[in-house]
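The structure under discussion appears below in the form of structure tokens.
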Amino acid sequence: QVQLVESGGGLVQAGGSLRLSCAASGLTFSSYYMAWFRQAPGKEREFVAAISWGGENTYYAAFVKGRFTISRDNAEKSVYLQMNSLKPEDTAVYYCAADLRPKPPASFDYDYWGQGTQVTVSA
């Protein structure tokens with residue numbers, strides 16, 4: 001049974017930092033393209049960042065580039081999202097997702113999704 005479990009969310013003041021983690025089990029993690037998405041209240045889910053199988057290539061939404069960094073540790077079967085200079089508009093539930101194939105940013109067609117972790121940024 002495949003599981004993706006996010007952690008690391010919480011409440012932080014604007015300008016602060018958080019590091020999200022997503023631990024995978026039940027799959028050959030190094031074979032999966034990994035991504036982070038987020039969904040704010042009343043808004044559609046949106047792409048945040050993605051990383052290739054070995055971590056050589058990373059992709060970011062325009063609104064987070066320069067502030068967020070995605071990384072992975074295949075030995076630990078985990079993907080991370082380091083979030084710096086957080087803004088109130090970054091408040092959302094953050095989800096990790098996994099797929100065997102790379103996806104364009106607009107695609108939500110991933111094989112597996114986690115349950116999400118709440119990030120709240122206060123002004």
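The values are calculated or read from the model by the stated rules, or taken from the named source; none is laboratory data. Just so you know, these numbers come straight off a predicted model, no measurement behind them. Note: ideal-geometry Cβ built from the backbone for every residue, glycine included; neighbour counts use all protein chains shown. To get the accessible areas, we keep the full protein, side chains included, count just its heavy atoms, and leave off ligands, DNA and RNA. Shrake-Rupley method; radii C 1.70, N 1.55, O 1.52, S 1.80 Å.
Within a Cβ distance under 14 Å of residue 19, other residues only, what is the Lys/Arg minus Asp/Glu net charge? Before the final figure, lay out the partial values.
Values: positive: 67, 72; negative: 6, 73, 76, 90.
Cβ neighbours under 14 Å give a net charge of -2.
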Exercise. Provide the descending list of Cα extents for the chain along its principal axes, expressed in whole angstroms.
Key: 40, 27, 25
Quiz item: Which net charge results for the neighbourhood of residue 4, defined as the other residues with beta-carbon distances under 13 angstrom from its beta-carbon, given Lys and Arg at +1 and Asp and Glu at -1?
Solution: -1
Quiz item: How long is the gain from residue 14 to residue 123 if the chain were fully straight, where each residue apart is worth 0.36 nm and the alpha carbon distance is subtracted?
Solution: 38.7 nm
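So, with +1 on the Cβ of K and R and -1 on the Cβ of D and E, and no other charges, what is the size of the charge dipole of the chain about its Cα centre, to the nearest 20 debye?
The calculated dipole for the chain is roughly 200 debye.
Roughly what % antiparallel, to the nearest 5, for the DSSP beta bridges in the stretch 31-73?
Details: 8 of 9 bridges.
The antiparallel fraction comes to roughly 90 percent.
Where the accessible area of the chain is counted over protein heavy atoms with a 1.4 Å probe, how much of it, in %, is carbon and sulfur? Write out the running numbers ahead of the final one.
Working: 2950 of 6150 Å².
The C+S portion of the solvent-accessible surface of the chain is 48 percent.
For every other residue with a beta carbon closer than 13 angstrom to the beta carbon of residue 93, add +1 if it is Lys or Arg and -1 if Asp or Glu, then tell me the sum. Provide the component values of the computation, followed by the final result.
Values: positive: 38, 43, 45; negative: 6, 44, 46, 90.
Counting the neighbours of residue 93, the net charge comes to -1.
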Quiz item: Can you list the aspartates and glutamates whose alpha carbon sits under 20 Å from that of residue 65, skipping same-chain ones fewer than 8 residues off?
Solution: 44, 46, 56, 89, 90
Practice problem: Mind checking which of 115, 68, 31 is farthest towards the positive end of the chain's charge dipole, using Cβ charges of +1 (Lys, Arg) and -1 (Asp, Glu) about the Cα centre? | Solution: 68
Exercise. Round to a whole angstrom and tell me the spacing of the C-alpha centers of the stretch 60-85 and the stretch 9-41.
Key: 8 Å
Quiz prompt | Within the stretch 70-102: backbone nitrogen closer than 19 Å to the residue 63 label point (7 Å, Cα to C-beta) | solution = 70, 81-97
Quiz prompt | Whole-number accessible area per residue in Å² for the chain, which is evaluated in the context of all protein chains at 1.4 Å | solution = 50 Å²
Quiz prompt | Full-extension gain in nm, residue 108 to residue 7, via 0.36 nm per residue minus C-alpha separation | solution = 34.3 nm
